[in-house]
Structure formats: structure tokens, C-alpha cells
Protein chains: 2
Amino acid sequence: MTYCVGMRLDRGLVFMSDTRTNAGLDNIATARKMHTWEVPGDRVITLMTAGNLATTQSVVGILDERTKAPVDRAPSILQSPSMFQIAREVGTTLKEVIHSNDDSGAEAAAFGATMILGGQIKGSPPRLFLIYPEGNFIEASDDNPFFQIGETKYGKPILVRAYDKTASFENSIKLLLVSFDSTIKSNLSVGLPIDYVTYTADTLRFGVQGRILDSDPYYQEVSNGWSEALKSAFAQLPDFTFPE
Amino acid sequence: MTYCVGMRLDRGLVFMSDTRTNAGLDNIATARKMHTWEVPGDRVITLMTAGNLATTQSVVGILDERTKAPVDRAPSILQSPSMFQIAREVGTTLKEVIHSNDDSGAEAAAFGATMILGGQIKGSPPRLFLIYPEGNFIEASDDNPFFQIGETKYGKPILVRAYDKTASFENSIKLLLVSFDSTIKSNLSVGLPIDYVTYTADTLRFGVQGRILDSDPYYQEVSNGWSEALKSAFAQLPDFTFPE
């Protein structure tokens, strides 16, 4: 499994992903699930992936190769005129990779993957998409300002309640860390280190990219502090009394 | 889907279940998922069910009929000498019902169900079991003091962090309501009213049995208050600062 969140804010975009991959409980490894492309002053693109690692690496490889082989650059995500078109291209590539594996006779579902794509191209606003294994996609909106992929349930309640589109990046990363911590505490298939990247709208350059390790003192503080904060929040609620 | 939690406390047992059942989004109804049997001074038994409603009602029907037809009372859960034996009987009945539906040719999984069984029989301590569709079961322990069935993920983080085995029933019901509220807010297939029952160890009589409706002012207070409490808990956490 995996846990990734892409979030739209008034000030831009923020992305966070874990790095644990597993093929069974006895076969875990660390793999980067966040991929970024940047042409300063022209475009920034972030892609996060959840699902079959062979599928997602193949998709990223195809997208990357296209950006690297100048002779065959026509479908390159570094040349597409819009994020919408990039989403379509990623979706098509994803669908093709999944189908090419289907031939092996194994179940299609086993090769599935879901992706979050976000970024900005000069002349258009920042955009954020959720791309399905079928190759189609939906876009974030004010009503639906963030996307989660992978093991989404444990970390959703806090996002739903504390998301604030006017928040700073610092605050949003704090929120995401709380959501990741709840997930990591409940599901072995999601684990540190955690990657993040911020993007301020209209700068056409990535903001801060970082990796949070197990040993990170701030992460420890959030993880331990959140248990205490939850308990005191819970204590604040009025007590239940039995009827009569 | 469904959401039920059975919890072991120092002072006894507490059970809570939602009542929404659905066969697709356009076919929802209310059904009781909590079933209780009581022989004052001798035994109390609570059974909560998640999964295929035909299966679970059939299991409860079989168990109930056995308690009602005096001529064939040998396997009755009202006569079993121990909770362990009742768990075995419920498990066997569940497995049989699932198997009898298998013959229809549909997928076995579609008829599956999971159950939480708890109670006390005179002379033994209170016990709590989680029963699988395969008919086998596990028992709650100090390390694993509560069981969830149905849509368990959204409501788990708060249980993990705020469970306290020394808590009062009032406090435990408050905790369960927060967990249920997080689940109800995130998943349409879990809904009010909510049933609960408490049992104080060694009384061999149920404590309070109640149903919490949509309009319940305390539920509203917890639901709204928890959003605020979470936000203020979140604000208490130290702020993230970018490295450098």
C-alpha cells in the first residue's frame, strides 16, 4: 500500500507521499512515489503514484524517457500546452501499461495504479488531478480541494475537519503529517520516510522539497503531541449521561 | 456496510452498533445489528453482526429458535456452560449458513459476515470474541481490548489513542460516539440511529440499553464539538518550519 495526498491551497499546491512498498509482509522496501519535473519559468509538474510498483515505475519511465529523447519529443509532458493534456497523457500511458501486463494472464486488478498529478504551466492557473487506472481523471475543486490515494481511510477524518484553503504551507504540512501519522500508526504498509514538496502559485518553480525521516524531531513531536492533544480534546467534550 | 465496536473495560463490557443496511446506494434501510439474550443471575450475551444481512439474520434466527423450542434445546446458547462454547456454536452456525448459500452458485464472499460476541456466564469472567466467516474466532485481551467490525478504518485512530480500560461507561460511550461520528461523516453506508448496551462485570444483568437518534442533542454536541476540539488540538501542536 501507499499513502499520498495532494492539496490545493489559495497560495498554491502541496504534495506529500510515504515511501514504503511491499510485496507481502515479508518483502518491504523503500521507493520514491513522488516524481517532479520543472522547467523554471515555464512549468512545474508533480506526479504521485499508488498501486503496483512495476506499473507506476513503468509509467514514470515512459514519461521520463519522452522528456529525455529529443527525437521523439512530441508527446512530452514538458511540451504539452496544458495540465489537462498532461493528465490525459498520463492517463493514457497508465492504461496502456496496465493493459500490456494483462496479456500475461494475471488479474488486471493486480497491475492497477492510481495517480495524483498537479502543477502549473505558464498562462494557466495551478491544477490538481486524480487519475484512475482506467485512464480517466477528475480535477480538484473548491468542494473537493484535496486528493488521497492508497490507504486513504485512517487519515481522512482529520483532513476533512481541519483543511483550510487559506492555510500557510507550514500549517498544511503539519496537517498532512498528522494525517500521515494516523495512517502509519494503523497500517504497516505505510511508512516513513515521507517526501513533500510545496509550490507557490505563479512562481513556476518548486518551493521546498524535503524528506522527513523516522528520526526527525518535529515528526516525533507531532506524533507524540497528537496523542496528547487528541486526549485533551476528547476530555473537553461534554460527558455522556445515561437517559432518565 | 456497518460499524460495530465491542469493548472490554475493567468494569465490564460496552457494545455499540449502527443500524444502516444497504444493498446498493439506492436501497438503504434500518436494521438492528445488536442482539441480546439475558437470563438474570445466570448469563448475559450480546451478539453484533456485520456483513450480508440475510446471513446474519439467519444466524440470529437459528440461535433464537433454539432458545425458544424447548424440545430441541440441547445446543441452546442459553444452556452452554461457557462463553467459549457459545462462540464456537455461533461460529459453526455462521459457517453453515454461509455454506448453505454457496450452493446457489454465487460467490461465497457475497454471503460473508463477521460477528462480535460478548457476555458473561455465572462462574466465569466476562469475555469478548471476534468471530470470522470461516467459523473460527479470537478473544479480546489486555493487548487487544476492543474489536471493530464493518467499516473499521475511519474510527480506529481515535480508539487506539483514547481507549482507557479504567474509563467509566459514560466516558467509553463518549469515545465510541466520537469514533462512530468520524465513520458516519466519511462513509454513507454507516448511519444513525446507534444502539448501545453496557454490562457491569459480575452483575449478570444488562446495564443500560439505549438507542441514539439523529436528533439526539448529545450526539449533535459531540459531532459538532469534536470538529472544534480537533481544530484546537491541531492548533496546539508546534508549527512546522522548513529546514535551513
Can we say B:Lys174 is within 23 Å of B:Leu47 (Cα to Cα), modelled with pLDDT under 95 and either more than 7 Å from chain A (Cβ to nearest Cβ) or within 16 Å of the chain's Cα centre (by Cα) (or both)?
no
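Can you work out which of the residues in the stretch A:184-230 that are among the polar types (S, T, N, Q) and outside any loop (DSSP other than H, G, I, E, B) is nearest to A:Asn27 (Cα to Cα)?
The initial filter retains those residues of the stretch A:184-230 that are among the polar types (S, T, N, Q), namely A:186-187, A:189, A:198, A:200, A:203, A:209, A:215, A:220, A:223-224, A:227.
Subset that is outside any loop (DSSP other than H, G, I, E, B): A:186, A:198, A:200, A:209, A:220, A:223-224, A:227.
On the way: A:Ser186: 19, A:Thr198: 31, A:Thr200: 38, A:Gln209: 28, A:Gln220: 26, A:Ser223: 26, A:Asn224: 28, A:Ser227: 30 Å.
Here the answer is A:Ser186.
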In the stretch B:5-45, what count of residues is obtained for those that are crowded, with 22+ Cβ neighbours inside 10 Å and acidic (Asp, Glu)?
1
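With the structure loaded, tell me whether A:Gly135 is away from chain B (no Cβ under 11 Å) and modelled with pLDDT under 95 or whether it fails that test.
The answer is yes for A:Gly135.
Listed here are the residues, each with its yes/no results for (1) at pLDDT below 95; (2) aliphatic (A, V, I, L, M); (3) under 24 Å from B:Asp142 (Cα atoms); (4) in contact with a His (Cβ under 8 Å, 6 or more places away or on another chain).
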{"position": "B:Met7", "(1), (2), (3), (4)": "no, yes, yes, no"}
{"position": "B:Ala23", "(1), (2), (3), (4)": "yes, yes, no, no"}
{"position": "B:Glu38", "(1), (2), (3), (4)": "yes, no, no, no"}
{"position": "B:Thr49", "(1), (2), (3), (4)": "no, no, yes, yes"}
{"position": "B:Ser58", "(1), (2), (3), (4)": "yes, no, no, no"}
{"position": "B:Ile62", "(1), (2), (3), (4)": "yes, yes, no, no"}
{"position": "B:Val71", "(1), (2), (3), (4)": "yes, yes, no, no"}
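Looking at B:Asp195, B:Asp202, which one is touching a residue at least 24 places away in the same chain (Cβ under 8 Å), crowded, with 19+ Cβ neighbours inside 10 Å and away from chain A (no Cβ under 12 Å)?
Values: B:Asp202 fails: crowded, with 19+ Cβ neighbours inside 10 Å.
Residue meeting the stated conditions: B:Asp195.
Filter the stretch B:24-44 down to the residues that are out of contact with any helix residue (DSSP H, G or I) (no Cβ under 8 Å at 6 or more places or on another chain), outside any strand (DSSP E or B) and either at positive phi or of a type in the set (A, V, I, L, M, F, W, C) (or both) and list them by number. Reasoning before the result, please.
So the first thing to find is which residues in the stretch B:24-44 are out of contact with any helix residue (DSSP H, G or I) (no Cβ under 8 Å at 6 or more places or on another chain), and the list is B:24-30, B:32, B:34, B:36, B:38-44.
Narrowing the set further to residues that are outside any strand (DSSP E or B) leaves B:24-27, B:32, B:40-42.
Those that are out of contact with any helix residue (DSSP H, G or I) (no Cβ under 8 Å at 6 or more places or on another chain), outside any strand (DSSP E or B) and either at positive phi or of a type in the set (A, V, I, L, M, F, W, C) (or both): B:Gly24, B:Leu25, B:Gly41.
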Restricting attention to the stretch B:137-157, the residues that are surrounded by fewer than 24 Cβ atoms within 10 Å (Cβ to Cβ), under 25 Å from A:Val222 (Cα atoms) and in contact (Cβ under 8 Å) with a residue 24 or more places away in the chain number exactly 1
Counted residues, the stretch A:223-241 - those being over 13 Å from B:Glu228 (Cα atoms), surrounded by 13 or more Cβ atoms within 10 Å (Cβ to Cβ) and not acidic (Asp, Glu)
6
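Yes or no, residue by residue, for (1) more than 7 Å from chain B (Cβ to nearest Cβ); (2) touching a Cys at 6+ places or on another chain (Cβ under 8 Å); (3) within 30 Å of B:Thr198 (Cβ to Cβ):
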position	(1), (2), (3)
A:Thr166	yes, no, no
A:Glu170	no, no, no
A:Phe180	yes, no, no
A:Gly210	no, no, no
A:Asp216	yes, no, no
A:Glu221	no, no, no
A:Leu230	no, no, yes
A:Pro238	no, no, yes
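When you look at A:Ala113, is it under 13 Å from the mean Cα position of the chain (by Cα), in contact (Cβ under 8 Å) with a residue 40 or more places away in the chain and crowded, with 18+ Cβ neighbours inside 10 Å, yes or no?
On the way: under 13 Å from the mean Cα position of the chain (by Cα): yes; in contact (Cβ under 8 Å) with a residue 40 or more places away in the chain: yes; crowded, with 18+ Cβ neighbours inside 10 Å: yes.
It is true that A:Ala113 is under 13 Å from the mean Cα position of the chain (by Cα), in contact (Cβ under 8 Å) with a residue 40 or more places away in the chain and crowded, with 18+ Cβ neighbours inside 10 Å.
The values are calculated or read from the model by the stated rules, or taken from the named source; none is laboratory data. Predicted model, so just to flag it, every value in this text is computed and none were measured. As a convention, Cβ positions derive from the backbone with ideal geometry for all residues, glycine included, and neighbour counts pool all protein chains shown.
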